Ligand SMILES: Cc1cc2nc3c(=O)[nH]c(=O)nc-3n(C[C@H](O)[C@H](O)[C@H](O)COP(=O)(O)O)c2cc1C
């Protein structure tokens, strides 16, 4: 195993980052998932920066953890992620986020969404390594030295030709960690993830890399580490399909039983009920079922029962019958 670990100095010790997922991995989800298995870091959903500096309430909405020392209750640091193209606006927002207690800043150069890319944010910037450099270096210069600046990128926009140039620009800009989702923007989320291409980039840069994409199981994690040459992994959809995936990977824990997963869905509802987001709960729960179906055959059956229900209490009553 190569020594690519930045999250601790210990070579070979695997670190797992919970992936940012806009509209899915929110504050409540981060709390639940980091209580179920070991994580070393969470990244928030992206804050889209255009031409303004957001006020603290906006950052608190994206990361309520800022009010509890910038960590989940399990003590896992939660880093605010910024997305945008203007180095100065990005840097000014980074300063607000870190002043509020974000334990570092993560920069999104991977978002494939059309509206975001049309406005020159996310993966479209992978065509311009020089712009990546400017954004990273400007943010690095603006936030306190002791706070890490990390980046998340894909392998490219239409192809992977500039992948190494992008990684180099990010390293030269002063980032201390780079997560690579092993697909181009054009690949979308289509399997496979090209883990081997991360290894090629590894040979050209020295900043620590984290491999990401299509890690659904312990076996996938092992294979990804070998093929990518990265010690550290980021997991996203896999952790929604199997909520204790990080414990399965790290500790060889048994996959969470279906009944426990149903209890977790109810916990999620209770958590969000106290939140301003509760209007979204029926659709959030249905969305989670779409992921759970991959791991649990029972989820398919239950989803059929709830998919037309609109009222939260009706949905929760159906889930409770599983306990
Ligand atoms: C619904 C959804 C929302 C996402 N939102 C973000 C985001 O806000 N920031 C980001 O860097 N990546 C985002 N991603 C990409 C994930 O972080 C991750 O790179 C991708 O899902 C591949 O990893 P996985 O196979 O482990 O899910 C999102 C992905 C999905 C499916």
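The values are calculated or read from the model by the stated rules, or taken from the named source; none is laboratory data. Quick caveat, the model's predicted, so the values are computed rather than measured. Counting neighbours? That spans all protein chains shown, and the Cβs are built from the backbone with ideal geometry, glycine included.
In segment 237-255, how many residues are within 14 Å of the ligand (Cβ to nearest atom) and touching a strand residue (DSSP E or B) at 6+ places or on another chain (Cβ under 7 Å)?
Total meeting the criteria: 4.
On the basis of being at pLDDT 95 or above, in a loop (DSSP other than H, G, I, E, B) and within 14 Å of the ligand (Cβ to nearest atom), does residue 215 make the cut?
So residue 215 fits the description; yes.
Looking only at segment 67-102, how many residues end up being closer than 29 Å to residue 124 by Cα and either outside any helix (DSSP H, G or I) or within 16 Å of the ligand (Cβ to nearest atom) (or both)?
Result for segment 67-102: 15.
So is residue 247 within 23 Å of residue 85 (Cβ to Cβ), touching a helix residue (DSSP H, G or I) at 6+ places or on another chain (Cβ under 7 Å) and modelled with pLDDT of 95 or more or not?
No.
Which condition breaks for residue 113 when tested against (1) free of Cβ contacts under 8 Å to residues at least 12 places away in the same chain; (2) more than 16 Å from the ligand (Cβ to nearest atom); (3) under 16 Å from the mean Cα position of the chain (by Cα)?
The single condition residue 113 does not satisfy is (2).
Residue 57: at pLDDT 95 or above and farther than 20 Å from residue 209 by Cβ, yes or no?
Yes.
Within segment 226-233, can one find any residue that is closer than 26 Å to residue 264 by Cα, in contact with a strand residue (DSSP E or B) (Cβ under 8 Å, 6 or more places away or on another chain) and near the ligand (Cβ under 9 Å from one of its atoms)? Talk me through it step by step, then tell me what you get.
Pass one, segment 226-233, residues closer than 26 Å to residue 264 by Cα: 233.
The next check asks that each one be in contact with a strand residue (DSSP E or B) (Cβ under 8 Å, 6 or more places away or on another chain); those that pass are 233.
Keeping just the survivors that are near the ligand (Cβ under 9 Å from one of its atoms) gives 233.
Yes, that holds for at least one residue.
Farther than 23 Å from residue 65 by Cβ and either touching a helix residue (DSSP H, G or I) at 6+ places or on another chain (Cβ under 7 Å) or exposed (fewer than 14 other Cβ atoms within 10 Å of the Cβ) (or both) - does that describe any residue in segment 272-283?
yes
Testing residue 202 on (1) closer than 24 Å to residue 13 by Cβ; (2) surrounded by fewer than 16 Cβ atoms within 10 Å (Cβ to Cβ); (3) out of contact with any helix residue (DSSP H, G or I) (no Cβ under 6 Å at 6 or more places or on another chain), one condition comes back false. Which one is that?
Condition (2) is where residue 202 drops out.
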